[in-house]
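Student: Just passing along the structure, written as structure tokens.
The values are calculated or read from the model by the stated rules, or taken from the named source; none is laboratory data. Keep in mind that this is a model prediction, so the values were computed, not measured. Quick reminder, even Gly has a Cβ in these numbers, built from the backbone with ideal geometry, and neighbours come from all protein chains shown. The accessibility values were calculated without ligands, DNA or RNA, using every heavy atom of the protein model including side chains. Shrake-Rupley method; radii C 1.70, N 1.55, O 1.52, S 1.80 Å.
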Amino acid sequence: MSTIAGGRAARRQTLRRIRPRRSPAVPLLLAVWAGAAGVIWLWWSNTPSIADNNSKILNAGRITGLLAGYLMALVVLQMARVPALERRVGSDRVARWHAMSGRYTICLVLAHLVLTMYGMALQAGKSFGDIVQQTIDSINQLPDMGKAAIGTGLLFLIGLLSMGPVRRRMGYDTWYHIHLLTYAAVYLSFWHQLTTGNDFAVEPTAKTVWYGLYGAVTAAVLWYRVVAPIRLNMRHRMRVEAVIEETPGIVSVLISGRKLHRMGAEAGQFFRWRFLAPGMRLSSHPYSLSAAPRPNMLRITVKAIGDHSAALRDLTPGTRVWAEGPYGALTAGKRSRGKVLLVAGGVGITPMRALFETLPGAAGDLTLLYRANTTQDLALWDELAAIAEERGARLMYAVNSPEGERPDISAETLRGKLPDIDHHDVFMCGPPGFAQQVYEALRGAGVPARRIHHESFEM
């Protein structure tokens, strides 16, 4: 079992004042809607009076195309791992925005394709049944339409593979690398927007704004997904220091490097880790820090639930490590009340252990509830007990009975353990089913939704 001693930085963190940080989610969403309104205004200002059905169909194709192009830029921006989004809004929320934007984009692209080709077919004296031939003719005759056709096909492929039932049957690495084709799809689809779009032909200012939008998004992707990770890893030069088995199937990886406390990581956050060992170089997975960052040491604690996580136990000391981050908004900045309940399910203990060590608070302010199948599965328990004793915090566990009966985690149980639970902030991490059960129990116990803090990385 590993033990990572509390550092001075961690102790200083516990003495800080409570300074909750507001999420910029609402202003960002307002900005997105304002941009959509601008796109609709561009379409409306360039739309003459619509006198017949053919004009209605073609103009419906125009507006769906414009909105699809706008959303494509936002889809890519949400993949850029911009710190203001990843660390303030929350990686899970940004992932949900990305998934939702992607679905809307595909629907708009499909509507744009069908409506535009149908309208063009009617214009040529054809019928709805001639859409396929009209599409082929457009690809052969109009500039950049061949690129757009390939980009559209890639978007539909990515959308199909991202559907829940299909996604769950794919390995994480396979899905991740296929998902990167989004960049190629957007690039290929971009050019026909300017060469065949009437709105940009008659409005040079609109074309400049469109170039600016896509240029800014491209710059964000290159900076935050390429340049920033290179700078971080060249500066800190991380390597595997040791791999230690905590409990059967759960290992801790100690990672050494230079001035790691200057990476800006906080307890509760995670990095995307790439271990430069044979068979692992192409895999990048998110794992939370299981202890507060030290000047020369970071630690992650991982349960073997897939090929990548299972391979961590075989890492050898000295293996180079490539990291991207830190990401995540499940930090002390979410806290708004003096008292805090931390709830962990299984390996979800990793960010909770780091927060248990560092959250500001006096004796009696902090409580940690740890759910596991058996007492043998309570990873990092000795460290948690030592932290609880040092800080005057309360440590509880909930495990199955010898007969396998699951413990009752209900509103009544929680109120019995913490009569003033409705005056607590709650930080929670665990499997989706467990998190949903605890969330409902907390709401039933009177905890407002705004004070239940949880990040889920299910895509």
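Student: Sketch the reach of a paramagnetic label on R443 as a point 7 Å from Cα along Cα-to-Cβ, and name the residues of the stretch 403-417 whose backbone nitrogen lies under 12 Å away.
Tutor: Zone members listed by number: none at all.
Student: Rounded to the nearest whole Å², what accessible area per residue is found for the stretch 206-350 with the 1.4 Å probe?
Tutor: Heavy-atom accessible area per residue stands at 41 Å².
Student: How about the stretch 360-459: which chymotrypsin sites (Phe, Trp or Tyr not before Pro) there are in a DSSP loop, with at most 16 other Cβ atoms within 10 Å of their Cβ? Kindly include the intermediate steps, with their values, before the conclusion.
Tutor: Details: sites: Y370, W381, Y397, F427, F434, Y439, F457; in loops: F457.
For chymotrypsin sites (Phe, Trp or Tyr not before Pro) across the stretch 360-459 that sit outside H, G, I, E and B with at most 16 neighbouring Cβ atoms in 10 Å, the list reads F457.
Student: Convex hull volume of the Cα atoms in the stretch 185-289, per residue, in Å³? If you can, show how the numbers build up before the last one.
Tutor: Values: hull volume 17.8 nm³, N = 105.
Considering the Cα atoms of the stretch 185-289, their hull volume per residue is 170 Å³.
Student: Using the alpha carbons of the stretch 285-394, what is the convex hull volume per residue in cubic angstrom, as a whole number?
Tutor: Values: hull volume 14.2 nm³, N = 110.
Output value, Cα hull per residue: 129 Å³.
Student: Tell me, what % of the accessible area of the chain is carbon and sulfur with a 1.4 angstrom probe?
Tutor: Working: 13230 of 22330 Å².
Heavy-atom surface of the chain belonging to carbon and sulfur, 1.4 Å probe: 59 percent.
Student: Counting Lys +1, Arg +1, Asp -1, Glu -1, what net charge surrounds L42 among other residues with beta carbon under 9 Å of its beta carbon? Don't skip to the answer; put the middle values down first.
Tutor: Values: positive: none; negative: D199, E203.
Around L42, the charge tally is -2.
Student: Here's something else I'd like to know. How long is the gain from E403 to A363 if the chain were fully straight, where each residue apart is worth 0.36 nm and the alpha carbon distance is subtracted? The partial results should precede the final answer.
Tutor: Numbers: separation 40, 0.36 × 40 = 14.40 nm, distance 3.60 nm.
Between E403 and A363, full extension yields 10.8 nm more.
Student: How large is the Rg to Rh ratio of the chain when both quantities use alpha carbon positions and Rh follows Kirkwood? Mind dumping the intermediate values first?
Tutor: Details: Rg = 25.8 Å, Rh = 24.7 Å.
Here Rg/Rh amounts to 1.05.
Student: Separate question: I need the shape label for the stretch 109-262. Rule: rounded when a/c is under 1.5, else prolate if a/b > b/c, else oblate, with a, b, c from the alpha carbon gyration tensor. Each step should come with its number before you reach the end.
Tutor: Numbers: a/c = 4.65, a/b = 1.98, b/c = 2.36.
Cα axes put the stretch 109-262 in the oblate bin.
Student: Let me ask something else about it. Rank these by accessible area, largest first, 1.4 Å probe: R239, R225, R281, R371. Could the numbers behind the result be given before it?
Tutor: Values: R239 105, R225 45, R281 125, R371 15 Å².
Per-residue accessible area, sorted high to low, gives R281, R239, R225, R371.
Student: How are the alpha carbon pair distances in the stretch 236-292 distributed across 5 Å bins from zero to the largest one, expressed in percent?
Tutor: 4, 15, 22, 33, 18, 7, 1
Student: Quick one: ranking K207, K417 by accessible area, 1.4 Å probe, largest first, what do you get? Spell out each step's value before the answer.
Tutor: Details: K207 70, K417 105 Å².
In descending accessible area the options line up as K417, K207.
Student: What whole-number value in Å² describes the accessible area per residue of the stretch 378-459 for a 1.4 Å probe? Let's see the in-between values first.
Tutor: Numbers: 4250 Å² over 82 residues.
The answer is 52 Å² per residue.
Student: Roughly what % antiparallel, to the nearest 5, for the DSSP beta bridges in the chain? List each step's numbers first, then the result.
Tutor: Values: 26 of 46 bridges.
Around 55 percent antiparallel, to the nearest 5.
Student: Using a 1.4 angstrom probe on the protein heavy atoms only, line up C107, C429 by accessible area, largest first. It would help to have the intermediate numbers written out before the result.
Tutor: Values: C107 85, C429 25 Å².
Solvent-accessible surface, decreasing: C107, C429.
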